[in-house]
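Accompanying notes for the structure given below.
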Amino acid sequence: MVTVLDMPETTSPITLNQPAPAPEPEVERGMIEIDRLGFAYGNHQVLHDVSLSIPARAVTAFIGPSGCGKTTLLRCLNRMNDLIDSARITGGAIRIEGVDINAPSVDVVDLRRRVGMVFQKSNPFPKSIYDNVAYGLRIAGVTKRALIDEAVERSLRSAALWDEVKDRLHVSGYGLSGGQQQRLCIARALAVEPEIVLMDEPCSALDPIATAKVEELIRQLKQQYTIVIVTHNMQQAGRCSDHTAFFYLGRLIEFDLTTKIFSNPGQRQTEEYITGRFG
Amino acid sequence: MEGVADPRILIPARSTSRRTQVVVEQGIKAFFGGNALVAVVVLALITIFLFREGFGFFGQNLANLRLYRQAGLEYVDIIRGVSMEHESLSRKLSEIRLREVRTMEKRNVPLEEINAKLAPFDQFASSFSDTAETLHSLVSDLTEKASALKEKLFAQAELLAQRSQLERAGAQAEAARIVVPEVDRTAALASLHQGAATYESVSADMTAKLYSLFAAAPPLPDPAAQKNFEQWKTRTREYLAALPAASEKLRTWSSEAEIPWYRSLSSFLFGREWITASFWQDWYGIIPLLVGSIMVSIVALVIAVPLGVSSAIYVSEIASRHEKRLIKPYIEFISAIPSVVLGFFGIAVVGQAVRAASQSHFFKWVSFFPISERLNIFTAGCLLALMAVPTIFTLSEDALRNVPRGFKEASYALGANRLQTIGRVLVPASLSGIVSAILLGLGRVIGETMVVLLCAGNRIAIPDFTQGLGAIFQPVHTMTGIIAQEMGEVVRGSTHYRALFMVGLVLFTITLGINYLAQKLVTRFRMSIG
Amino acid sequence: MEDRGLRIEEHRGGSPSAILHSPSLRRRGRLLEKTLFWLFRLATYFVLACATYIFLDIGIKGGRTVFTSKAPFINVPFLTEPPQTLYVFDFEGKKQTLSDRQFREWKVTHPGVSVEASSIAYSAGGIWPCIVGTALLVVGSMILALGIGVSSAIYLSEYSRNGRWIRLVRIAILNLAGVPSIVFGLFGFGLFVIFFGWNVSLIAGWFTLGLMVLPAIITASEESLRAVPQGLREGSLALGASKWQTIRKNVLPYAMPGILTSSILGIARVAGETAPIMFTAAYAMKDEMPWQVQRMTDFFFQGVMALPYHIYVVSSKIPQNEYTARVQYGSAFVFLFLVMLIALTSIVLRERSRSRLSW
């Protein structure tokens, strides 16, 4: 586990014009290394030969038209695809901090605890807000009430939800608004202290105000977490990511700093997509 | 918005207990998987045990059939057949008389006058039945001889089996102590064979007597009766003409002729008689039971299908929401009525009611009414229909409801009314679903035990189909009924016991087949509606 | 529709629009529709009427046995006594009907009097041992069936992937559901009673009945498990919960009400079946109550009296007359009442949960 007490403080919200200083992907080895990954559902090849290096403590956005395989790739990162019957990896590997996550020796449960996930549709459990956040800790065997209390508060604060719910921690999570539910899911994911947080279109079901809150949150979280976000929304990718990967038909077309992709894309397809000519 | 708080190490990255947890995890999965296999295991065990207990039937039945031949029972039955046919002709005569009496009674002829008028006919009938007297005594004589021989042979076989069992167990001394009496089969059979000669003289005698009797046959006053009587005469002539054939059979019959192994199977599958615990010969033919089961099921389905399908259409398409909310649970509720209660209701109420209805003036025009047995195919069928309706209703309603909305909307949009939409769109689209519902209903009916055991009348006989529809008012026995009734009383391991397991096996196969068909249709239904 | 319009046009030589708008055709259609709808309605209500008649007949005639006009309004002896033989005889010009025990007492009080009594089996006393036996059979077999059934369903819905084995399991479950109850009886007799040597016993009945309702329980449980949204599983797994933790904490609790509700209908079926217990668990007559056993193990290996079997016996083995109607209708009423109560509970619970459950 990486503790980040020595992180440099960011003082102001990051804007599009002023991207956070991110380490150059070519220079530093990424936290997540995807190496010539191929993936298929049954006979349908979804990902072809994807190689990608995702840097630590930064936000990486996956963009691309529907069906290009970005969500599939995201779900590969914590092996959520194991749940789908016909899904299989057809080649290549994914390494997190140098460890091949599909190796037989890797415990998938452990992996998922380190690689948290926030889903497209918010999916709080039909439990109280408190129990939702505490769920992961209890699962992991944390029993001390004080520790859980503290972790719940910290996670809810991290997810910028604390002030809104601190008086009603023990009512059902279903009573929250859509944006609050999604932030609750983020808090739930943060409570187990993951190193990486995967977000699968976390704002697709939210209104603009809720979206703004979640985006703000994402920018804050990257101080401590490695974040990978799948999004359909170009502006969102531009606003809150440091790196962007563009996928098309199961292939990685381009991967670079977000600023570069949006201002001066290297590939014609990327440019066409970003400028809205297709997709 | 507050700043992001520092995470602390709360959970150790990889605890050692994780490893044991993984083992536990796999154990749990294996446990659940094992439980899931129970269904497969049970199905396999059912098959195995039906075979295990039932399959010995063929060997035992073959021995039973061989004994039938070796002891000369078969030989005697040839002559018995001739004598039985004579008896049935005699019965026919009294039937003709009965009809004659009835028509005369209708014309208000006094009884004495009827008797007087029929005196010559009675004379004729009694002389006719007298002609077979020597034949009957021959049969009973031979029967005694053959069954004595059979008993001896049977006892011998038992002792032999006992001895070989002891020998196999290693108790040679004890085995040697068992004395197996010699049975002089040749002598006994020879004395049986003398029957052939007697038969020939008896039949020649009978033929002569009967021909002379025919010459003096009295006319009957009623033309219809006279016509029947003429028919009877032709039948009797045919009977007489067939007498030498039996004699030929007797001469060629040999007790040593081998009975092929498949006879054991064919006498079970195609045997028309189920006679058990008889002093003479046990027959295990499944046909009467099978026919009984099928007849009862047909009657039940004929009643249940229209009711079930129309109520499914009514509830899914026509009924108001309030009706629907009431009717659906109520019909499901019906399916929970225990079959034994329905059976009891059949005995206590329905059977009585059916018989009363058949005696009523209203149904006088029906030729086969009034009926004599209150418990019959129809009574059981009515009650089984009530059991099948919920099954057919629920599944058909499901099928109708699952037809995509688009079909219905498209039909209405073209200006079709509700009936047209139901008849041309909904029912065709859900047809395979409805048919599979009917098949599952059939499966339920054919496998039902208590209702048929209590209400079908339990007479082991193929119904007399010459009566036409009247056949459904005759009592029958069924495959399920016979198992339930006789299983408790048979000796374990006996031929009868194994025969019951074989009946179970046939029943099991039939229901599996029905189930398979129903599932096929359901799959097709799912595919057709996408 | 179009097809038909064209055909009519050919025959009558009119324009299609004239036919499509013909009021007489439409009127005839409406009449046919109405008639047929009434037929459908009639069929539906006929079925309901038949069932209602059965309920009323058994309710009214059985009610005469079970209820009394005086307090406590329930015929307590009928529900709490074992069945006895009934003796009917004429004494001093009056018809006497006495139960076995009463008859013996009567003989003591009337020494030297010899009467010609006709005896009718089972027709006196009550049905208490049958109720107890049925309850024991139901409880045991349901515990067994729920244990195996829910576990199977968990495996099928949570762990399994579609493979050849799972297809086999599913086919087996479907086919098992269609096996006639009497065949289950034969199977239980062959396996448990003879092969395992358990004889006619409670435990043989438990296994036979339990395995018989298994398909229903599995199907119902799997349905309830599948109704739990996938998001709850994914959310839990993504937090690093193991599969079993996810199932135990986040799937089963939400599926359990559904599982139990559907299983109640299974209880009704178990309680209502006669054929499987005829030669595996039921005795026509037994003097001791099930708990009157020497050793604990004897408890499991004893046969019991059961209500459905008792009804079979009293409706087929003894004649139908004024003396037997009491116990026949009484037993049928009590049994029907119990089974219907269970079924009603299940149906009401399900209707309620259907309207309430929404993920």
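The values are calculated or read from the model by the stated rules, or taken from the named source; none is laboratory data. In this text, all values refer to a predicted model and were calculated from it rather than measured experimentally. Positions of Cβ are backbone-derived with ideal geometry, glycine not excepted, and every protein chain shown enters the neighbour counts. What goes into the accessible areas is simple: the full protein's heavy atoms, side chains included, and nothing from ligands, DNA or RNA. Shrake-Rupley method; radii C 1.70, N 1.55, O 1.52, S 1.80 Å.
Structure summary
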{"read-out": "Listed residues C:193, C:206, C:220: farthest to the positive end of the dipole of region C:117-248 (Cβ charges)", "value": "C:220"}
{"read-out": "Residue-count net charge about residue B:289 - beta-carbon cut-off 12 Å; Lys, Arg +1, Asp, Glu -1", "value": "0"}
{"read-out": "For residue A:90, residues with placed amide H under 5 Å, excluding near neighbours", "value": "A:38, A:39, A:40"}
{"read-out": "Buried solvent-accessible surface, both chains (A, B), 1.4 Å probe, Å² to nearest 100", "value": "2100 Å²"}
{"read-out": "Nitroxide proxy distance, nm - points 7 Å out along Cα→Cβ at residue C:71 and residue B:106", "value": "6.8 nm"}
{"read-out": "Only Lys, Arg (+1) and Asp, Glu (-1) charged, at Cβ; chain B dipole about Cα centre in debye", "value": "2180 debye"}
{"read-out": "Angle between chain A longest axis and helix A:208-221 axis [Cα atoms, degrees, rounded to 10]", "value": "90 degrees"}
{"read-out": "Cut-off under 5 Å, modelled amide H: who pairs with residue C:121 long-range", "value": "C:86"}
{"read-out": "Shape category assigned to chain C from the gyration tensor of Cα positions, a/c cut at 1.5", "value": "oblate"}
{"read-out": "Kirkwood hydrodynamic radius (C-alpha pairs) into Stokes-Einstein, region B:156-202, 4 °C and 1.567 mPa s, D in µm²/s", "value": "99 µm²/s"}
{"read-out": "Furthest towards positive pole of dipole, B:60, B:49, B:289, structure part chain B, Cβ charges", "value": "B:49"}
{"read-out": "Over region C:124-183: Kirkwood hydrodynamic radius from C-alpha pairwise inverse distances, Å", "value": "14.3 Å"}
{"read-out": "Axial C-alpha extent at least 24 Å, average Kyte-Doolittle at least -0.5 - helices from chain B (DSSP)", "value": "B:17-54, B:111-130, B:133-169, B:185-215, B:287-313, B:377-401, B:495-528"}
{"read-out": "Members of A:127/A:222; B:92/B:150; A:127/A:213; B:92/C:317 lying beyond 32 Å, as alpha-carbon distances in this model show", "value": "B:92/B:150; B:92/C:317"}
{"read-out": "Between C and B, accessible area buried - total, square angstrom, nearest 100, 1.4 angstrom probe", "value": "7300 Å²"}
{"read-out": "GNM flexibility winner over chain C from C:311, C:74, C:203 (Cα, springs under 10 Å)", "value": "C:74"}
{"read-out": "Hull volume in cubic angstrom per residue (convex hull over the Cα atoms of chain B)", "value": "294 Å³"}
{"read-out": "Averaged over B:504-511, number of beta-carbon atoms from partner chains that fall within 10 Å", "value": "4"}
{"read-out": "Occluded residues from region B:327-357, i.e. those whose accessible area drops by 50 Å² or more once the chain is not alone (1.4 Å probe)", "value": "B:330, B:332, B:333, B:336, B:337, B:338, B:340, B:341, B:344, B:345"}
{"read-out": "Radius of gyration, Dmax [the protein assembly as shown; alpha carbons; angstrom]", "value": "40.7, 134"}
{"read-out": "Model label zone, residue B:349; criterion: amide N under 18 Å from point 7 Å along Cα-to-beta-carbon; scope region C:67-86", "value": "C:67"}
{"read-out": "Degrees, to the nearest 10: C:325-356 long Cα axis against longest axis of chain C", "value": "30 degrees"}
{"read-out": "Ordering of B:204-211, A:34-41 by packing [mean C-beta count within 10 Å, highest first]", "value": "A:34-41, B:204-211"}
{"read-out": "Under 30 Å from the Cα of residue B:324 - lysines, other chains or at least 8 residues apart", "value": "B:408, B:520, C:34"}
{"read-out": "Whole-number D in µm²/s for region A:144-279 (Stokes-Einstein; Kirkwood sum over Cα pairs; 25 °C, 0.890 mPa s)", "value": "149 µm²/s"}
{"read-out": "Rounded, prolate or oblate (a/c below 1.5 giving rounded, otherwise prolate when a/b exceeds b/c) for region B:433-499 by Cα gyration tensor", "value": "oblate"}
{"read-out": "Charged-residue dipole, Cβ positions (Lys, Arg, Asp, Glu), region A:24-126 about Cα centre, Debye nearest 20", "value": "380 debye"}
{"read-out": "At R0 = 45 Å, FRET efficiency that the Cβ-Cβ distance of residue B:489 and residue C:223 yields, to 0.05", "value": "0.60"}
{"read-out": "With every protein chain in place, region B:292-529: carbon and sulfur % of accessible area (1.4 Å)", "value": "63 percent"}
{"read-out": "Sites residue A:174 and residue C:351 - FRET efficiency at Förster radius 25 Å, r taken between beta-carbons, to 0.05", "value": "0.60"}
{"read-out": "Semi-axis lengths (Å, descending) of the ellipsoid that matches the C-alpha gyration tensor of region B:71-260", "value": "50, 18, 13"}
{"read-out": "Distant-in-sequence amide H partners of residue A:117 (H built 1.01 Å from N, under 5 Å)", "value": "A:198"}
{"read-out": "Interface size A-C, as summed buried accessible area [1.4 Å probe, Å², nearest 100]", "value": "2000 Å²"}
{"read-out": "Proximal lysines relative to residue C:70, as straight alpha-carbon distance under 20 Å, when same-chain residues fewer than 8 apart are discounted", "value": "C:61"}
{"read-out": "Within the accessible area of region B:13-68 (1.4 Å probe), percent carbon and sulfur", "value": "72 percent"}
{"read-out": "Where labels lie 7 Å past Cα in the beta-carbon direction, separation of residue A:167 and residue C:64 in nm", "value": "7.0 nm"}
{"read-out": "Positive-end residue, region B:71-260 charge dipole about Cα centroid, Cβ charges, pick of B:194, B:81, B:139", "value": "B:81"}
{"read-out": "Convex hull volume per residue for region A:96-203, taking Cα atoms only, in Å³", "value": "109 Å³"}
{"read-out": "Drop in accessible area of at least 30 Å² in the complex versus isolated chain, residues of region A:85-116, 1.4 Å probe", "value": "A:85, A:107, A:109, A:110, A:112, A:113"}
{"read-out": "Chain A - charge dipole about Cα centre, Lys and Arg +1 at Cβ, Asp and Glu -1, debye rounded to 20", "value": "580 debye"}
{"read-out": "Two-decimal ratio, region B:13-68, of alpha-carbon radius of gyration to 2.2 N^0.38 Å", "value": "2.37"}
{"read-out": "Per-pair calculated FRET efficiency, R0 = 35 Å: residue B:365 and residue C:116 via Cβ, rounded to 0.05", "value": "0.15"}
{"read-out": "Per-residue HN-Hα couplings for region C:255-261 [Karplus 6.51, -1.76, 1.60; θ = phi - 60°; Hz; x = Gly/Pro]", "value": "8, 4, x, x, 4, 5, 4"}
{"read-out": "Cα-based reach from residue A:166 at 15 Å (exclusive), listing aspartates and glutamates while leaving out same-chain residues under 8 positions away", "value": "A:131, A:149, A:150, A:153, B:2"}
{"read-out": "Probe 1.4 Å, accessible area per residue of the protein assembly as shown, Å²", "value": "47 Å²"}
{"read-out": "Inter-site label distance for residue B:248 and residue B:459 at 7 Å from Cα along Cβ, in nm", "value": "3.6 nm"}
{"read-out": "Region B:74-163, accessible surface, carbon-and-sulfur percent (1.4 angstrom probe)", "value": "53 percent"}
{"read-out": "Protein-protein interface of region C:177-191, residues with accessible area decrease of at least 20 Å², isolated chain reference, 1.4 Å probe", "value": "C:178, C:179, C:180, C:182, C:183, C:186, C:187, C:189, C:190, C:191"}
